[in-house]
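A.B. asks: Just passing along the structure, written as structure tokens.
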Amino acid sequence: MAATNPPIYSPLASFGLKDQKPTGNPYNPLTWGSWFSYQKSKLNLPNPGKFERLHAESKDCSCSAYLFDGAQANIIKELSANFHVQHQFSLGSQVMPSMYNFMSGYMTEKTMAQGTMDNDLNLNAVVRHAWNAHSATKVVAQITSTPGQSMLQVDQDINGSDYSINIKAMNPNPLEWTGLYMANYLQSVTPNLALGSEIVLQRPTADMEETAMSFVGKYTGADYVATATFQGLNALQATYYQRINEKVEFGAELNLMSQNGRRDGVATVSGKFDFRQATFRGQIDTTGRVSAVLEEKMAPGFSFLISGDLDHMKGQSKFGVGIMLSA
């Protein structure tokens, strides 16, 4: 007769399986965890997504992440199904010196590694590994020749069926507990509404400490997303995203800040239009700044880019052209 292993006690056993009805008395505090998980599973709440991508839909309509000036060329070469390299040339910019960047990336189903080095030998590297469907770790490193600019960042993502958690440490020093530490939590409370919070602890030195806390909300409709971020009583960021159809999307963003008796606010409206051979993004804000980016797909693997940014209040303008070649 085969020997049976003795049962192993686990403090998490009281939570049970979320889809299995608990057998204990609901008035017994020892079974509250399992009853809570069971009742929450009956709501069939969705995963709310990552906290850092709270405003992602509206940001994707904006030009901010795509603007450039001067001339730019990107050449991407796929060496295998998992490995690629990229060469980036930029010159003639008003705000940045002429630069060359070499990038390489490796990606599998669970692991992603990417590195970038410029002509000044500054190195940026990102490594992300998914341990399972619910847990992933990311390490970001920046090594530069400029004193005080090198950086190390460690992220841990935990994704549940209806919540997401992220813990982040930047330049951590375990001996003196200096560095920048962040933790956030986002929870679906209804099929459409998610609420969350983030706390930031900054310790530049052992005897200096600053903390900040923010609260967020996200409402997802059939073809729209509305979000709001409250940073104490001094700052508010709200976004709205509307999907008109498969080819037209609009986004709006409002930023309000009050400090030292002064109140500032900026509203931005942006749009994204997908054509058969092109993608156009345009935006305008209440400071008089107008921006636009056009990506024209001239042939398979070849794109032509035009970027324009005009600030009427400051009397400044920037213009850029670029190409992207993928082989």
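The values are calculated or read from the model by the stated rules, or taken from the named source; none is laboratory data. It should be emphasised that the depicted structure is a prediction, and the values quoted were computed from it without experimental measurement. Glycine gets a Cβ as well: all are built from the backbone with ideal geometry, and neighbour counts include every protein chain shown. The area values use the complete protein model at the heavy-atom level, side chains included, leaving out ligands, DNA and RNA. Shrake-Rupley method; radii C 1.70, N 1.55, O 1.52, S 1.80 Å.
A.B. asks: How high is the relative contact order of the stretch 81-219, in percent, counting Cα pairs under 8 Å that sit 6 or more residues apart?
C.D. replies: Value for the stretch 81-219: 11 percent.
A.B. asks: Same structure again: Relative contact order for the chain: what is it in percent, counting Cα pairs under 8 Å that are at least 6 residues apart?
C.D. replies: 14
A.B. asks: Relative to the longest principal Cα axis of the chain, at what angle does helix 32-42 sit, 0 to 90 degrees, rounded to 10?
C.D. replies: Compared with the principal axis, the helix lies near 50 degrees.
A.B. asks: Past 20 Å, Cα to Cα: identify those pairs from 42/110; 59/272; 50/297; 77/297; 40/110, in the order given.
C.D. replies: From the list (42/110; 59/272; 50/297; 77/297; 40/110), the Cα-Cα distance tops 20 Å for 42/110; 50/297; 40/110.
A.B. asks: Looking only at 249, 78, 296, which one moves most when the chain is put into a Gaussian network model with springs between Cα atoms under 10 Å?
C.D. replies: 78
A.B. asks: Quote the FRET efficiency, to the nearest 0.05, computed for residue 93 versus residue 233 with a Förster distance R0 of 30 Å and r equal to the Cβ-Cβ distance.
C.D. replies: Approximately 0.15, to the nearest 0.05.
A.B. asks: Quick one: what are the phi-derived ³J(HN,Hα) couplings along the stretch 136-146, Karplus 6.51/-1.76/1.60 with θ = phi - 60°, whole Hz, x for glycine and proline?
C.D. replies: Once θ is set to phi - 60°, the couplings for the stretch 136-146 become 8, 10, 10, 10, 10, 10, 9, 10, 10, 7, 7 Hz.
A.B. asks: Considering all alpha-carbon pairs of the chain, what whole percent are spaced by more than 24 angstrom?
C.D. replies: Roughly 70 percent, rounded to a whole number.
A.B. asks: At residue 25 and residue 64, where each label point lies 7 Å from the Cα along Cα→Cβ, what is the point-to-point distance in nanometres?
C.D. replies: Each label point lies 7 Å from its Cα, and together they span 5.6 nm.
A.B. asks: Further, regarding this structure: Output wanted: per-residue J couplings in Hz (rounded whole) for the stretch 179-191, from phi through Karplus 6.51 cos²θ - 1.76 cosθ + 1.60, θ = phi - 60°, x for Gly and Pro.
C.D. replies: So the J values, rounded to whole Hz, are x, 10, 10, 9, 9, 9, 9, 10, 10, 6, 10, 9, x.
A.B. asks: Would you mind checking which residues have amide H under 5 Å from residue 189's amide H? H placed 1.01 Å from N; only 5 or more apart, or other chain.
C.D. replies: 194, 195
A.B. asks: Return the long-range amide H neighbours of residue 323 (sequence gap of 5 or more, or a different chain), with a cut-off of under 5 Å between placed amide H atoms.
C.D. replies: Sorted by chain and number, the residues that satisfy this are 72, 73, 74, 305.
A.B. asks: For residue 224 and residue 247, compute 0.36 nm times the residue count separating them, minus their Cα-Cα distance, and round to one decimal in nm.
C.D. replies: Answer, rounded to one decimal: 6.8 nm.
A.B. asks: As an exercise, use a Förster radius of 45 Å and the Cβ-Cβ distance of residue 298 and residue 211 to find the FRET efficiency, rounded to the nearest 0.05.
C.D. replies: With R0 = 45 Å, the Cβ-Cβ based efficiency is 0.30.
A.B. asks: Cross-link partners among aspartates and glutamates for residue 138, C-alpha distance below 19 Å, same-chain residues fewer than 8 apart left out?
C.D. replies: By straight Cα distance, residue 138 reaches 52, 109, 155, 157, 198.
A.B. asks: Check each of the chymotrypsin sites (Phe, Trp or Tyr not before Pro) in the stretch 154-228 and keep only those in coil by DSSP with at most 16 other C-beta atoms within 10 angstrom; list them in order.
C.D. replies: Of the chymotrypsin sites (Phe, Trp or Tyr not before Pro), the ones in loops of the stretch 154-228 whose Cβ has at most 16 other Cβ atoms within 10 Å are 177.
A.B. asks: For residue 108 and residue 158 in one chain, what is 0.36 nm times their gap in residues minus the Cα-Cα distance, to one decimal in nm?
C.D. replies: 16.0 nm
A.B. asks: Mind checking which aspartates and glutamates have their Cα closer than 18 Å to the Cα of residue 318? Skip sequence neighbours fewer than 8 apart in that chain.
C.D. replies: Of all the aspartates and glutamates, those that pass the test against residue 318 - Cα under 18 Å, at least 8 places apart if same chain - are 69, 285, 295, 309.
A.B. asks: I've got another one for you. Please work out the average accessible area per residue across the stretch 46-326, using the 1.4 Å probe convention, and give it in Å².
C.D. replies: 60
A.B. asks: Can you run phi through the Karplus equation (6.51, -1.76, 1.60; θ = phi - 60°) for the stretch 255-262 and list ³J(HN,Hα) in whole Hz, with x for Gly and Pro?
C.D. replies: So the Karplus estimates, Gly and Pro as x, are 10, 10, 9, 10, 8, 6, x, 10 Hz.
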